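The values are calculated or read from the model by the stated rules, or taken from the named source; none is laboratory data. Quick caveat: nothing in here was measured; it's all calculated off a predicted structure. With ideal geometry, Cβ positions are generated from the backbone for all residues, glycine too; neighbour counts draw on all protein chains shown.
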């Protein structure tokens with residue numbers, strides 16, 4: 001396991017590189033950060049929103065950016081000729097789920 005604060009671009013990039021170094025390649029990152037601070041939007045703390053965006057959006061983008069070259073290489077070298085990114089995102093707005 002590689003631990004990192006993915007809101008820190010340097011740590012997020014290092015986590016991907018450590019994974020490739022340890023296992024020799026990267027085929028399918030499970031790029032599924034998730035932080036949901038519950039509550040109504042009215043009166044919500046904007047700093048909590050910034051924290052959710054940092055984890056759920058920026059962290060996802062930081063890791064994807066550094067993973068892409070490894071995924072393209074895996075697709076080039078692998079028998080299936082594909083590489084995947086597994087990512088689940090929120091698709092439904094619901095009361096009390098804030099951002």
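The residues listed here are 44, 67; of these, the one that is within 25 Å of residue 2 (Cα to Cα) and touching a residue at least 12 places away in the same chain (Cβ under 8 Å) is 67.
Filtering the stretch 1-35 to residues that are exposed (fewer than 12 other Cβ atoms within 10 Å of the Cβ) and either more than 30 Å from residue 78 (Cα to Cα) or under 11 Å from the mean Cα position of the chain (by Cα) (or both) leaves only 30.
With respect to residue 74, is the statement that it is closer than 18 Å to residue 24 by Cα, touching a residue at least 24 places away in the same chain (Cβ under 8 Å), touching a helix residue (DSSP H, G or I) at 6+ places or on another chain (Cβ under 9 Å) and surrounded by 14 or more Cβ atoms within 10 Å (Cβ to Cβ) true? Here the answer is no, as residue 74 does not meet what is asked. Can you find a residue that is more than 22 Å from residue 83 (Cα to Cα), touching a helix residue (DSSP H, G or I) at 6+ places or on another chain (Cβ under 6 Å), in a loop (DSSP other than H, G, I, E, B) and modelled with pLDDT of 90 or more anywhere in the stretch 26-39? No: zero hits. Among the numbered criteria (1) within 16 Å of residue 12 (Cβ to Cβ); (2) loosely packed, with under 12 Cβ neighbours inside 10 Å, which one does residue 69 miss? Condition not satisfied by residue 69: (2).
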